[in-house]
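Taking it in order: structure first as structure tokens, then the write-up.
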Amino acid sequence: MGWFPTYARIFALVAAVTIIAGFYGYAWQGAVLALVGVIIYWQSQMLAVQEWLRSPEDPPPNVYGIWGELTAKIYMHQRRNQKIQARLQSNIEYLQDSFASIRDGVIIVDAQGAIEWCNAAVTPLLGLRHPDDVGQTLTNLLREPAFNDYFISGDYAEPLQFSATLDATRFLQVEITYFGKGERLLFVRDVSEAVRMEQIRRDFVANVSHELRTPLTVITGYLDTFLASEDLPSPRYEKPLMQMKQQAIRMENLLKDLLWLSRIESEKRTAKREMVDVAGLLKEVQEEFSSAYTDREVHLNLESREKIYGDFQELYSAASNLVGNALKYGGEGVRVDINWFQRGSECVLEVRDDGPGIDAVHIPRLTERFYRVDDSRNTATGGTGLGLAIVKHVAQSHHAKLEIDSELGVGTTFALVFEVGG
Ligand code: ADP
């Protein structure tokens, strides 16, 4: 396109000059002269275009024909690109403005770990200097071992909560997401108030449970005395006294579980870590339940001898809650299997029963405190509703996954999945 009329014009010009010069007997000289003229004209146009290309944002020069079309097209593309660039720039500025205005700290880190951008909120939160620290490696600037380990690990599935080194009373939470070509977006917020409220709640539950234990011990003591005594005022009192005793035992179990839950929730327990022989632990659990439930089958299959780093008491309580549940809710004639085996890089503690199973609708909520599938069944079994909350907490504190698989009429499997060496 465009070239044919150009060639036709040149040909017509050269032909016309040749014919006119031919009349005077100078045909070929005329042709050469016309061609030289055309070349000089083209050259001048080309030079004008070349000159303009040095700063193509200026309006194009007055050139004609093919050069005119060329410069017009370049100029049009240039304008379009400028508009797109301006729009992108304003989008970037808009996003940066909105990030800059939020109260949480926002940091963009490049693939090498250097700060690309951050907002002013990072200064009071992390002690970074805004914007002077841009370009510096983030982990060199922050003296927060927990944060640095988390940042380097590259596993950001769960947010990290840590107490700030600058001020130990402050707790920060950081969430990291990858974007672009390995860049990372960090959100840092102060969660001290939420952590404080959670601590108050825990202390309250622990104190109330503790305080209730003494009066309850007195009540059960008197109830035992009354029930054992020969001279009850009337046999009519025997049944109510028996029921009071049962409920007192339930309350005792509830307080025991509440206290245990608040104790394992307290971070101080992480100090009690050691290499735990899970196979030996499961043997103890099996012996305990086999002697308590002589009419049920509790099988132990130990395929692994792997030890894991953790807290013996916590792991024992998780395993015994799972086995206890399987026996309690499995019903008459249930078969319970306790398995300890390796699955790739993981070790699995599995408690499987062929009991009635659990409807899928309940599974996501099973580990909530006091969540019950069937209240009447629980009252009969004396459950506290805290067993699986304890199991879940033990899983979390051991960086293990809790997998629940159940089918109505077929059975239930609870599995604690540990990363070996984790
Ligand atoms: P509880 O202390 O009352 O037993 P849990 O938190 O241990 O409470 O269990 C929550 C609910 O999950 C129970 O109410 C029970 O209905 C159900 N459940 C737990 N384990 C099993 C199981 N192996 N088979 C059937 N239902 C179960």
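A few remarks follow.
- Computed packing ranks the peptides 411-418, 397-404, 177-184, 25-32 as 411-418, 397-404, 25-32, 177-184, most packed first, by mean other Cβ atoms within 10 Å.
- Counting beta carbons within 10 Å around each of HIS299, HIS393 and listing the fewest first gives the order HIS299, HIS393.
- Overall dimensions of the range 222-279 by Cα: Rg and Dmax, Å: 19.6, 57
- Rel. contact order, % - alpha carbon contacts under 8 angstrom, at least six apart, the chain: 8 percent
- The packing ranking, built from the mean of other Cβ atoms within 10 Å per residue, places the peptides 104-113, 159-168 in the order 104-113, 159-168, highest first.
- Its DSSP H runs of at least 4 residues, each contributing -39,500 (n - 2.57), put the calculated 222 nm mean residue ellipticity of the chain at -17500 deg cm²/dmol, to the nearest 500.
- Each of ASP97, ASP133 was scored by other Cβ atoms within 10 Å of its Cβ. Arranged with the fewest first, they read ASP97, ASP133.
- Between helix 27-53 and the chain: long-axis angle, C-alpha atoms, 0 to 90°, nearest 10: 30 degrees
- Summing Lys and Arg as +1 and Asp and Glu as -1 over all other residues whose Cβ lies under 10 Å from the Cβ of ARG202 gives a net charge of -1.
- Antiparallel DSSP beta bridges within the chain, as percent of all bridges there, nearest 5: 90 percent
- For the chain, the longest principal axis of the alpha carbon atoms and the long axis of helix 192-228 meet at an angle near 20°.
- The distance from the alpha carbon centre of the range 202-238 to that of the range 1-75 is 112 Å, rounded to a whole number.
- Exposure proxy ranking, count of Cβ atoms within 10 Å, fewest first, for SER234, SER304: SER234, SER304
- Counted residue by residue at 0.36 nm each, then reduced by the alpha carbon distance between them, the extension gain from GLU346 to HIS362 reaches 3.1 nm.
- Among 82-94, 192-204, 240-252, sorting by the average number of other beta carbon atoms lying within 10 angstrom of each residue, highest first, gives 240-252, 192-204, 82-94.
- Radius of gyration and Dmax over the Cα atoms of the chain, both given in Å: 40.2, 155
- Taking Cβ atoms as reference points and 10 Å as the exclusive limit, the residues near THR177 contribute a net charge of -1, counting Lys and Arg as +1 and Asp and Glu as -1.
- In degrees, nearest ten, helix 278-292 long axis to first principal axis of the chain (Cα): 40 degrees
None of the figures in this text is laboratory data; all of them are computed from the coordinates on show. Worth saying up front: this structure is predicted, and the values here are computed from it rather than measured. Note that each Cβ is placed from the backbone with ideal geometry, even for glycine, and that neighbours are counted across all protein chains shown.
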